[in-house]
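Quick notes on the structure that follows.
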Amino acid sequence: MANNQPRLSFVRHVLMVLTGTFVATVIFAFISETFVRRVETLGLAVGFLVLIVIINIAFDVLGTAATAASEAPLNAMAARKIAGAQEGLQLVKNADKVANFANDVIGDVTSIVAGALGISLIAQVILSWPQASEFWLNILVTAFVASVTVAGKAVGKRVAVMRANQVIFLAGRLVAGYNRLVHPSASRKTTPNRKVRKIERSRAD
């Protein structure tokens, strides 16, 4: 029975990823399609497209850093009650799930959204310059988005590997900040790091 638990846990994880990816894709595709139909300015389409590419690269950095980071420094910071260390430690302990979500789920969803926004961008260019070739615009925009995304991920992976612990700690601080916003009453129960140090000093004296 105990031998079946890891297998059942893995199956549940795969089903959760399958369901989560489907739901996220439907939501983001719906948002992007709605956005595409309402975008009327070229600058807004370009700006939103750049934002989606940045999100894609940022999550790729997170997924790579989660697999490259080590637990020891985060354990030491968590022992000193440093905000974000415990959350970062959980990201490292679940590195395979974090990498799957960040690199695969978010990566695929943002790619779909980027493709839809690319169509919007081409439509805006055609409206502004009817003489432009839609065929070549489609090829150039697709190639540009793909090349920028891949190049950004190449740079991001280098940063993620060389500074994995710093990236995960930053992500942990963001998660901790989000938790404080969502559950403010729970965060008040945790003693801030500076107060802990003052109490320890007073006891030592």
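General observations
- Of the helices (runs of 4 or more DSSP H) lying entirely inside the range 87-175, those containing at least 3 residues that are over 12 Å from Gly63 (Cβ atoms) are 107-128, 134-162.
- Some residue of the range 57-71 being within 30 Å of Phe169 (Cβ to Cβ) and at pLDDT below 90: no
- For the range 84-102, the set of residues classified as more than 15 Å from Ala176 (Cα to Cα) and of a type outside the set (Val, Ile, Thr) consists of Lys93, Asn94, Ala95, Asp96, Lys97, Ala99, Asn100, Phe101, Ala102, listed by residue number.
- Top-ranked residue in the range 85-120 [being over 18 Å from Leu49 (Cα atoms) and among the charged types (D, E, K, R); ranked as least open to solvent (accessible area, probe 1.4 Å)]: Glu87
- Taking the conditions (1) among the aromatic types (Phe, Trp, Tyr); (2) touching a helix residue (DSSP H, G or I) at 6+ places or on another chain (Cβ under 9 Å); (3) open to solvent by 80 Å² or more (accessible area, probe 1.4 Å) in turn, Phe59 satisfies each one other than (3).
- Note on the range 42-56: residues that are closer than 13 Å to Thr110 by Cβ and at pLDDT below 85 amount to 1.
- Applying the condition of being of a type in the set (A, V, I, L, M) and at pLDDT 75 or above to the range 15-41 and asking which residue is farthest from the chain's Cα centre (by Cα) yields Leu15.
The values are calculated or read from the model by the stated rules, or taken from the named source; none is laboratory data. As the structure is a prediction and not an experimental result, all values here were calculated from the model. No Cβ is skipped: glycine too gets one built from the backbone with ideal geometry, and neighbour counts run over all protein chains shown. Surface areas here come from the heavy atoms of the whole protein model, side chains and all, with no ligands, DNA or RNA. Shrake-Rupley method; radii C 1.70, N 1.55, O 1.52, S 1.80 Å.
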